[in-house]
1. Return L101, L56 ranked ascending by Cβ neighbour count within 10 Å, so the fewest neighbours appear first.
2. Give the calculated FRET efficiency between H84 and T20 to the nearest 0.05, with a Förster radius of 22 Å applied to their Cβ-Cβ distance.
3. Counting other Cβ atoms within 10 Å, keep those with at most 12, restrict to DSSP loop, and tell me which trypsin sites (Lys or Arg not before Pro) in the stretch 28-100 are left.
4. For T34, enumerate residues with amide H under 5 Å from its amide H, sequence gap 5+ or separate chain, H modeled in the peptide plane.
5. Please identify every one of the chymotrypsin sites (Phe, Trp or Tyr not before Pro) in the stretch 1-96 that sits in a loop by DSSP and has no more than 16 other beta carbons within 10 Å of its own beta carbon.
6. How large is ³J(HN,Hα), in whole Hz, for each residue of the stretch 15-20 in order, when computed from phi with the Karplus curve 6.51 cos²θ - 1.76 cosθ + 1.60 and θ = phi - 60°, using x for Gly and Pro?
7. Which GluC sites (Glu not before Pro) does the stretch 27-94 hold that lie in a coil by DSSP with at most 14 other beta carbons within 10 Å?
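Laboratory data are not the source of any read-out in this text; all were calculated from the coordinates shown. All values derive from a computational prediction rather than experimental measurement. Methodologically, a virtual Cβ is constructed for each residue, glycine included, from the backbone with ideal geometry; neighbour enumeration extends over all protein chains shown.
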Amino acid sequence: MVELNAHPVDRIFHALSDATRRHMLRTLASGERTVGELAQPYEMSLAAASKHIKVLEGAGLVRREIHGRTHLCRLEAGPLATAHEWLAFYETLWTGSLDTLERLLRQGDEQQDSSPAEPLSPERSQPQHDKGE
């Protein structure tokens, strides 16, 4: 359940947690759309689409203008910067972990390249057969 006084980042991530709403945002990135146009790919009712849009509006990600009976929606990308800032902290953790992994792998490769290859002895290069053959 989403609380009315939830932190803005909570509302943003709640809005982004649904694939339909993410797709609606992607569609709005290329320009304004009516509620009907946003509902069309999902064959959902205007009421169902409107509920999704209300969640996006609550997060500040969409602005809706009403012109007569037409509801026109527009992307408001500003709040995405807030979500990006929050995620950026964790990106540094992942980047640091991946950098460490890369360094360790390179060290392993360097050690492998610098150690002489062990030649196979004649016994090890021939397949072993049971003595009972």
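1. Values: L101 10, L56 27.
Ranking L101, L56 by Cβ neighbours within 10 Å, fewest first, gives L101, L56.
2. Values: r = 22 Å, r/R0 = 0.98.
Computed FRET efficiency for H84 and T20: 0.55.
3. Details: sites: R33, K51, K54, R63, R64, R69, R74; in loops: R69.
Qualifying residues, ordered by number: R69.
4. Answer set, sorted by chain and number: C73.
5. Numbers: sites: F13, Y42, W86, F89, Y90, W94; in loops: none.
Here no loop site has a sparse enough neighbourhood.
6. Using θ = phi - 60°, the values come out as 4, 7, 6, 9, 4, 5 Hz.
7. Values: sites: E32, E37, E43, E57, E65, E76, E85, E91; in loops: E32, E43, E76.
Passing both the DSSP loop test and the Cβ count: E32, E43.
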